[in-house]
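The values are calculated or read from the model by the stated rules, or taken from the named source; none is laboratory data. The model shown is predicted, which means the values in this text are computed figures rather than measured ones. When we count neighbours, we look across all protein chains shown, and the Cβ atoms used for this are built from the backbone with ideal geometry, even at glycine.
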Amino acid sequence: MRVIAGTARGRRLKSPSARPRERGHNAIRPSSDLMRGAIFSALQSLGVRLTRVLDLYAGSGALGIEALSRGAESCGFVERDRAACAVIRENLRLTGFEDRAQVHCLAVEQATARLDGIFSLVLADPPYADNNATSVLAAVSASTLVEPGNTIIVLEHSARAEPAAALGPFALVNSRRHGDSAASIYR
């Protein structure tokens, strides 16, 4: 796995071990290079500003690090697995982005209560078997972390699952499929 574009292009990223997550959810599954490329290509075509980014279910941190490499001012990473948080910190060190990032080792469900400020882009790559992810993102979409009209939400999910038409006040504006993965973009 590597950073595919921007100032850290070509840098290899470490991946957390493939041990199962707590409560029976799938193992951490980093976004593929192809999917990350598709997501950021779609965001660029929509004219999305990469200012303050939030990477939920961060895993290796690849999505947020890609945003930082492409010019995001800052990125908050939310991941509940402590070993994965250590990998995110190592990947930030390898890419030189430690000063523009914050790693929050907590469950995504706690993010709305523990984080503050408005994010311009929210990236979410939950385990595909996590049936709670859509409701968690609906809660994020209704929180003070986002601002309808100024925030974009990206949800990576199984290509077999139909994306929700909306997440709270955010409507589905684009969906891309690549193999077993899909990315849905809400504005």
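All but one of (1) of a type in the set (D, E); (2) under 14 Å from the mean Cα position of the chain (by Cα); (3) not in a strand (DSSP E or B) hold for E156; state the number of the condition that does not hold.
Single failed check for E156: (3).
Filter segment 167-181 down to residues that are at pLDDT below 95 and among the small types (G, A, S) and give me whichever is farthest from A138 (Cα to Cα).
G179
Kindly list the number of the only condition in (1) within 16 Å of L167 (Cα to Cα); (2) at pLDDT 95 or above; (3) among the hydrophobic types (A, V, I, L, M, F, W, C) that fails for L115.
Of the numbered conditions (1) within 16 Å of L167 (Cα to Cα); (2) at pLDDT 95 or above; (3) among the hydrophobic types (A, V, I, L, M, F, W, C), the odd one out for L115 is (1).
How many of the residues in segment 159-182 are of a type in the set (A, V, I, L, M), surrounded by fewer than 16 Cβ atoms within 10 Å (Cβ to Cβ), touching a residue at least 12 places away in the same chain (Cβ under 8 Å) and touching a Leu at 6+ places or on another chain (Cβ under 9 Å)?
Matching residues across segment 159-182 total 2.
In segment 46-88, how many residues are assigned to a helix (DSSP H, G or I), out of contact with any His (no Cβ under 9 Å at 6 or more places or on another chain) and touching a residue at least 12 places away in the same chain (Cβ under 8 Å)?
Count: 13.
Residue-by-condition table, conditions (1) under 22 Å from G96 (Cβ atoms); (2) in contact with an Asp or Glu (Cβ under 6 Å, 6 or more places away or on another chain):
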| residue | (1), (2) |
| --- | --- |
| A38 | no, no |
| A42 | no, no |
| S45 | no, no |
| V48 | no, no |
| D55 | yes, no |
| G59 | yes, no |
| L63 | yes, yes |
| A67 | yes, no |
| G71 | yes, no |
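Output the residues belonging to segment 101-144 that are surrounded by 14 or more Cβ atoms within 10 Å (Cβ to Cβ), in a helix (DSSP H, G or I) and in contact with a strand residue (DSSP E or B) (Cβ under 9 Å, 6 or more places away or on another chain).
Across segment 101-144, the qualifying residues are V108, A111, A133, T134, V136, L137, A138, V140, S141.
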